[in-house]
Structure formats: structure tokens, C-alpha cells
Amino acid sequence: MVEKKIAYTKKEALDFLANHDAYIVAGGSDMMVIKKNVAGYAPLFDKDVLYVSHIKELANIYEDKDGVHIGATATMHEIEHHKLCPSLLRKAISEVASTNIRHFCTLAGNIANASPAGDTIVIDALLDAKVKLESVDGVRLVDAKDFVLGVRKIDRHPNELITELIFPKIEYTGELWFKVGSRRADSISKVSFAGYYEVKKNVVTKFACCFGAVSIRPARSKELEAKVVGLSLEELKAKQPEIAGDFAQIIAPIDDQRSNKEYRQTVAMNIFNKFIDDIVGGAK
Ligand SMILES: Cc1cc2nc3c(=O)[nH]c(=O)nc-3n(C[C@H](O)[C@H](O)[C@H](O)COP(=O)(O)OP(=O)(O)OC[C@H]3O[C@@H](n4cnc5c(N)ncnc54)[C@H](O)[C@@H]3O)c2cc1C
């Protein structure tokens, strides 16, 4: 017999997970699709279920010396409209699903779902966010970029609950979020891209970028980013083809029902080149 538990406190949730091999449901926007039943019937769960969306103590968004903490049950709508949250995250969220879904789906659910097309996982990786996991055994912090291990595979122990994501404060002068889907709203990404930069006295002093939906995990290379930092804008323009060629190597798009690899490769690199053009042009 499948047991279903609605948790109202973090302690209730962690105690349940300590004694049950359970599915966790937050907003349910992925889980209810994955476990869907015939029309008119409740979803079919083949093991125990823990519902966490009523845990108010995990819905907080606050800032401290480590950065901005976003609780696991804060909805995407709340994050989108919260001034403390990073602007790139808010931009990406404004294009996730539809307004009604954003009123109940969560950031924690997006990363735990580990879809290559997930939008916010690109931002988590770009902004060096950390995933906080708690269990009756204690607390673990995992870099968001390492938390997603592969398609629908994450670094979570069965008794752990994601309790928040933490975004360190990063200052910069320019940013880009670009999502390509089949239509302008309520569309899953075929390709996505996020980046930020800082230019001071004609020199690039910060540069970071991350591609989404073009490999099994968000694609980022700190090694390649470091080669851009220190270039003058003239050098960046002159080396743009070479730099784009290097970044093209870190993505590995595939064919699927939404697109094909040639389209994804071309579009991803067009967006990357637009990002470089913005840096060079914007600072003139
Ligand atoms: C019509 C539609 C359109 C969509 N469009 C987009 C889109 O444009 N971009 C996009 O990125 N996604 C999209 N999605 C996917 C989905 O909305 C997101 O992945 C969402 O963020 C999931 O959050 P949730 O709270 O609903 O998660 P749930 O469905 O409740 O859970 C998803 C996964 O996360 C796990 N989980 C949830 N909370 C926790 C926690 N606290 N600790 C540990 N594990 C947890 C669950 O066990 C499950 O594996 C769409 C979905 C639908 C149905």
C-alpha cells in the first residue's frame, strides 16, 4: 500500500524520508506528468509520496554573507518578482512554462528534475549556485553544476531533501539570457544561453557563459572563460572566430522531437556570437 504524506514542517519531511523510500512532490508540474494516469484519475505512484509544498519555513528568500538563499518551496512566481533574486534567474524564470504553472512550480524541482532542457539549471551553473541538501544525518552543500549528473540523474541521497539554493553575489556590467523554443510562450527550450561580463577601461575583466539544452548537462568551461578575461575589446573582436570555435567544442547537441543537432549547434553559436558582439559593441 502506497503511503502519502503531506509535510508541514521540515522536520516532518526529513523524518518521513528517513523511514520511507519516497517520491518527493513540490509543485508537481513534472511529477504529475511523469506519473500521469488516464484522464480523470489521480496520478499513479508505485511507491510512497512526500508532498512538500506546504512547508512554509522552506519558502523564504533572504540574503546573508553567503549570498541569496532561495527556499525549496518558494514558487517560481515568487522568485521572478523578488528583488533580491539575481536578475538573470528572474529573466530565465519569466520564460519558464506559463504564468499559471510558475505559481506552483519550484527552482528546486527544476534542478532535481535534471532535464537537459531545464532553463534555471543553466543559471544555477552560471552563477555558481550551491544546492543545500538536508537529512536526519545532517547538511550537505553541492555545487549546482555538479549536482546534475546526467539526464534525470542527480547527486541526492534517498533520505535527503533539497532545502534551498544559494546564489553568491556576483557583480558585473552586462548580461544575456536567450531562449529559443518553438513559440514565444510556454515552450520548452531547444537551445538556451546565459552569460555575464564586465568591461573596465576597454578591457574584459569578467566573462562567464553557459549553454543549455545542447548537452546532457549545462555546458560551461571556466578554462575557456579565463582566456577571454584580460583581452581588450579590439583583441576580443579580432579573436572572436577562434574563441567561438573553442566554445563550440564544449557543446554536444542531439536530435530529438524538438529539434536536430545541426540546428541546435548553429543557433547556440549564433547566440554566443551575439553575446560577444554585445560586449564589443556595448562598450564602444
Ligand atoms: C506545460 C509545462 C511547461 C513547462 N515548461 C518549462 C520550461 O519552459 N522550462 C523549464 O525549465 N521547465 C518547464 N517545465 C518543467 C517544470 O515546470 C519544471 O521542471 C519545474 O521547475 C518543476 O518544479 P516542481 O516544483 O513542479 O517539481 P515537481 O514536479 O514537484 O518535482 C520535480 C522533481 O524534483 C524533485 N523535487 C522537487 N522538490 C524537491 C526537493 N525539495 N528536494 C528534492 N527533490 C525535489 C521531485 O522528486 C521530482 O523528481 C514545464 C512543465 C510543464 C508541465
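Could you list all residues from the stretch 148-181 that are more than 30 Å from residue 14 (Cα to Cα) and either within 11 Å of the ligand (Cβ to nearest atom) or hydrophobic (A, V, I, L, M, F, W, C) (or both)? Explain how you work it out, then say what you get.
Keep residues of the stretch 148-181 that are more than 30 Å from residue 14 (Cα to Cα), which gives 170-181.
The answer is 170, 176, 177, 178, 179, 180, 181.
Among 88, 126, 176, 165, which is within 18 Å of residue 214 (Cα to Cα), buried (at least 22 other Cβ atoms within 10 Å of the Cβ) and touching a residue at least 60 places away in the same chain (Cβ under 8 Å)?
Result of the check over 88, 126, 176, 165: 126.
Which of the following residues is surrounded by 14 or more Cβ atoms within 10 Å (Cβ to Cβ) and assigned by TED's automatic domain parsing to the domain that holds residue 15: 160, 198?
On the way: 198 fails: assigned by TED's automatic domain parsing to the domain that holds residue 15.
Among 160, 198, only 160 is surrounded by 14 or more Cβ atoms within 10 Å (Cβ to Cβ) and assigned by TED's automatic domain parsing to the domain that holds residue 15.
Quick test for you: out of 125, 226, 208, 194, pick the one residue that is touching a helix residue (DSSP H, G or I) at 6+ places or on another chain (Cβ under 9 Å), in a helix (DSSP H, G or I) and among the small types (Gly, Ala, Ser). Before the answer, list the steps.
Details: 226 fails: touching a helix residue (DSSP H, G or I) at 6+ places or on another chain (Cβ under 9 Å); 208 fails: in a helix (DSSP H, G or I); 194 fails: in a helix (DSSP H, G or I).
Exactly one of 125, 226, 208, 194 is touching a helix residue (DSSP H, G or I) at 6+ places or on another chain (Cβ under 9 Å), in a helix (DSSP H, G or I) and among the small types (Gly, Ala, Ser), namely 125.
Taking the stretch 218-247 as the region of interest, how many residues are within 22 Å of the chain's Cα centre (by Cα) and touching a residue at least 24 places away in the same chain (Cβ under 8 Å)? Please lay out each step first, then the result.
The initial filter retains those residues of the stretch 218-247 that are within 22 Å of the chain's Cα centre (by Cα), namely 218-225, 247.
Narrowing the set further to residues that are touching a residue at least 24 places away in the same chain (Cβ under 8 Å) leaves 218-221, 224, 247.
Within the stretch 218-247, residues that are within 22 Å of the chain's Cα centre (by Cα) and touching a residue at least 24 places away in the same chain (Cβ under 8 Å) number 6.
Name the helices (runs of 4 or more DSSP H) wholly within the stretch 1-117 that hold at least 1 residues that are under 26 Å from residue 217 (Cβ atoms) and in contact with a helix residue (DSSP H, G or I) (Cβ under 9 Å, 6 or more places away or on another chain)?
On the way: elements: 10-19, 31-34, 76-80, 87-93, 99-102, 107-113.
Because the criterion is at least 1 residues that are under 26 Å from residue 217 (Cβ atoms) and in contact with a helix residue (DSSP H, G or I) (Cβ under 9 Å, 6 or more places away or on another chain), the helices (runs of 4 or more DSSP H) in the stretch 1-117 that meet it are 31-34, 76-80, 87-93, 99-102, 107-113.
In the list 243, 251, which residue meets the criterion of being surrounded by 15 or more Cβ atoms within 10 Å (Cβ to Cβ), among the β-branched types (Val, Ile, Thr), at pLDDT 95 or above and over 17 Å from residue 180 (Cα atoms)?
Details: 251 fails: over 17 Å from residue 180 (Cα atoms).
Criteria check complete, one pass: 243.
The values are calculated or read from the model by the stated rules, or taken from the named source; none is laboratory data. Not measured: the values here are computed from a predicted model. Virtual Cβ from ideal backbone geometry, glycine too; neighbours counted across all protein chains shown.
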